[in-house]
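Note sheet for the following structure.
The values are calculated or read from the model by the stated rules, or taken from the named source; none is laboratory data. Since the model is a prediction, treat every value here as computed from it, not as a measurement. Note: ideal-geometry Cβ built from the backbone for every residue, glycine included; neighbour counts use all protein chains shown. To get the accessible areas, we keep the full protein, side chains included, count just its heavy atoms, and leave off ligands, DNA and RNA. Shrake-Rupley method; radii C 1.70, N 1.55, O 1.52, S 1.80 Å.
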Amino acid sequence: MTAEIDNAIRREFVAGPIRQPDTVWEVGLRLTLRSDTHIGAASPATPHAAAGDVDQLVDRDPQTGAPRLRATTLTGLLRHHLADKLGRENGEDPQGVNRLFGRIERRETPGRAEDRPVMSVLDVDDAGGTLPPAGDADGARTSEGPAVRTANRVDPRSGAVEAGKLWQMEVLPAGTSFVVTLRLQLCGDHDEVELLALLTRAVEGLVEEGPGVRLGARAARGLGAVRAEAFSARRHDLRTPQGWADYYARTWHERWEEAKGSLAGYSDGLQGAITAALAEEGRAGYEARLAELPADQRRRAELHLTLEVGERPTEAFLGNGSGAGEDGPPRPGVILLGDLPRGAARDTDADRAHRMRPVVAEDGAVRDAPMFGDTALFALVKRIGRRLAQDLRGDDLPRHHPWLAGWFGSEPETETPDRAPVTSRVTLRQAPRIEGGSALSTTRTTIDALFADTVDGRLFTDRAWAGGTSTFVLDVREPDDAVCALLALIVRELHTVPFDAIGGGTGVGHGRVTATDAQLVRFGPDRAEPDTLDLLAVLRDPGHERRAEVEGWLAELEHAVQRDNDTTEAVA
């Protein structure tokens, strides 16, 4: 009886046969955050820098208190990225993904069929984070450590703040780095070069400019941008005495420190580090196998959008008397994404200040810069899209519209037991900063509505941002003609009269933005080259060669917004 119980336990919990590896690859990566990132806490009992009423805390090592990136988080992100690039088969992960990250196998035995897990050949460690320094040579950084951001919920229909929907979230600043160590453990029957090629393709999600791996929460709103900047790779042949001693005759701490010390920059990423390690042993075939992997199978689109803080002058619409409009640069405006004063704003005793956050400059230095928004920017696009869809529909649009929810995500209030949350397929790649412009201090007071006089003690100072330009990318997963039409209409709205605005003070003219450039780029396995379309050129020129194509998209959009209940057709 005991033997039967032991066998049952093994079948239930043992992840396939455990074998001693013949070869181990030690790989190191240094990841640097490019935007604010929230990696949620695994336990509320761990120590945190933010105390009090913070609703969402970052995960920290319980012993050191340093920010932590869990191995399971990174492994899952790499797996999903690799599956997307290689292309899923009927919703299932490709075999190459299963060979690298493990799988569930259906095993048939006489009188019994069971599903048994097969272990991954990839072993990843938790990574501790290092926060950027408090100041650089220019003294541009004004704070250090995780920041606590205060956010509120905005009604997607009206654009107004919803009462009682306020929360605080702890975020890691741009410039925070993690050194990730992982091991590829190979046995005799494993195809070494194939697994190395698959690992390289997975890590490309941390290197590429496109919609790669994003860390943590609210990644669709521009948070969690990350980039792998340094790599190391070392091969250990455990079948030789020297290889066995080099790998096993070290403590874990020594292995981690060695990985940190051997990190180096390679122009071709992890591929360069692995190629150099193989060249030392005279091995070949890796680069050829990497080239044999399928090309990127993702169907996606990118909207590269440039917005200026300001409005187009009236002459651009009314003309100059000859009937021709003067399409000059927008007149600079003012934007205020409210935040607690810090740095120079704090020195001026401002009550509110435009959001300044750390950014990683081209030279690698971390400096504070004015931001163009993340959730606020995404909410602007979503709000314009919803209004346009309602205009096309001709009547009230339900709060949960299946087609819109499939692209911009569902609203929490509309989620019920029979309606699961819907993730957004339109995402903001990275929270953009504002280039140019300058800080502007404004003073306002409260006017008594009865006597039209100022109210004593009700004087406020804002440190807003005047002018400037921001360029960002909206990624679209599995786009169709209908959503491309909606994006084109959103660009038209932002290029002409800005009915919607961003940030605080919109009622007095703040937050007006104008689109000055919009490039829609579509990718897919059926396209030899990316298809690029200048949306502003199409909108301005009625005789544009692709005008009829864009007008054809509108018919698909009109059909899509009429659907209320066909969720499968809308989201699939």
Output for the range 505-526, where each listed residue is in contact (Cβ under 8 Å) with a residue 60 or more places away in the chain and of a type in the set (A, V, I, L, M): V513, A515, A518, L520, V521
Out of the range 213-230, which residues are in a strand (DSSP E or B) and either on the phi > 0 side of the Ramachandran plot or open to solvent by 30 Å² or more (accessible area, probe 1.4 Å) (or both)? R214, R221, R227, E229
In the range 156-175, how many residues are modelled with pLDDT under 70 and surrounded by 13 or more Cβ atoms within 10 Å (Cβ to Cβ)? 3
Considering only residues that are small (G, A, S) and under 17 Å from R563 (Cβ atoms), look in the range 397-425 and name the one that is modelled with the lowest pLDDT. S410
Could you tell me whether the range 376-384 includes any residue that is farther than 23 Å from G503 by Cα, in a helix (DSSP H, G or I) and open to solvent by 10 Å² or more (accessible area, probe 1.4 Å)? no
In this structure, does L554 turn out to be open to solvent by 50 Å² or more (accessible area, probe 1.4 Å) and either of a type in the set (D, E) or touching a residue at least 40 places away in the same chain (Cβ under 8 Å) (or both)? yes
Which ones in the range 191-212 are under 21 Å from S177 (Cα atoms) and either in a loop (DSSP other than H, G, I, E, B) or open to solvent by 30 Å² or more (accessible area, probe 1.4 Å) (or both)? E204, V207, E208, E209, G210, P211, G212
With the structure loaded, tell me whether Q390 is open to solvent by 40 Å² or more (accessible area, probe 1.4 Å) and either among the hydroxyl-bearing types (S, T, Y) or in contact with a Gly (Cβ under 7 Å, 6 or more places away or on another chain) (or both) or whether it fails that test. no
Quick check on the range 470-484. Is at least one of its residues open to solvent by 60 Å² or more (accessible area, probe 1.4 Å) and polar (S, T, N, Q)? yes
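Suppose we keep only residues that are among the hydrophobic types (A, V, I, L, M, F, W, C) and touching a Lys or Arg at 6+ places or on another chain (Cβ under 9 Å) within the range 538-553. Which one would you say is farthest from R299 (Cα to Cα)? Outline the logic, then answer.
Of all residues in the range 538-553, those among the hydrophobic types (A, V, I, L, M, F, W, C) come to 538-539, 548, 550, 553.
Subset that is touching a Lys or Arg at 6+ places or on another chain (Cβ under 9 Å): 538-539.
Values: V538: 23, L539: 25 Å.
Among them, the one singled out is L539.
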For the range 430-504, give me every one of the strands (runs of 3 or more DSSP E) that falls completely inside it and has 2 or more residues that are touching a residue at least 12 places away in the same chain (Cβ under 8 Å) and among the polar types (S, T, N, Q). 438-447, 469-477
What residue, of S143, S120, is polar (S, T, N, Q) and at pLDDT below 70? S143
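Of the residues that make up the range 493-509, is at least one of a type in the set (D, E, K, R) and open to solvent by 50 Å² or more (accessible area, probe 1.4 Å)? If you could, list the steps in order and put the result at the bottom.
Initially, the range 493-509 is screened for residues of a type in the set (D, E, K, R), giving 493, 500.
Checking the rest, the ones that are also open to solvent by 50 Å² or more (accessible area, probe 1.4 Å) come to none.
No, that holds for no residue.
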Can you list residue pairs whose Cβ atoms sit under 6 Å apart, with the first residue in the range 164-180 being closer than 16 Å to D339 by Cα and the second being of a type in the set (S, T, N, Q) and open to solvent by 10 Å² or more (accessible area, probe 1.4 Å)? Count only pairs 6 or more apart in sequence or on different chains. L166/N152; Q168/T150; M169/Q56
Tell me which of these P341 doesn't satisfy, since it passes every other one: (1) touching a Lys or Arg at 6+ places or on another chain (Cβ under 8 Å); (2) at pLDDT 85 or above; (3) open to solvent by less than 40 Å² (accessible area, probe 1.4 Å); (4) under 26 Å from L307 (Cβ atoms). (2)
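Quick one: how many residues across the range 299-334 are in a loop (DSSP other than H, G, I, E, B), surrounded by fewer than 18 Cβ atoms within 10 Å (Cβ to Cβ) and modelled with pLDDT of 70 or more? Step through it out loud before you land on a result.
Taking the range 299-334 first, the residues in a loop (DSSP other than H, G, I, E, B) are 299, 312-314, 319-330, 333.
In the following step, the residues that additionally are surrounded by fewer than 18 Cβ atoms within 10 Å (Cβ to Cβ) were identified as 299, 313-314, 319-329.
After this cut, where a residue has to be modelled with pLDDT of 70 or more as well, the list is 299, 313-314, 328-329.
Going through the range 299-334 one residue at a time, the tally reaches 5.
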Expected output for the range 84-97 (first residue in contact (Cβ under 8 Å) with a residue 24 or more places away in the chain, partner of a type in the set (S, T, N, Q) and open to solvent by 60 Å² or more (accessible area, probe 1.4 Å), Cβ below 9 Å, 6+ apart or cross-chain) is D84/Q297; K85/Q297; L86/Q297; G87/Q297
If you go through the range 268-286 one residue at a time, how many are buried (at least 17 other Cβ atoms within 10 Å of the Cβ) and without any contact (Cβ under 8 Å) to a residue 40 or more places away in the chain? 1
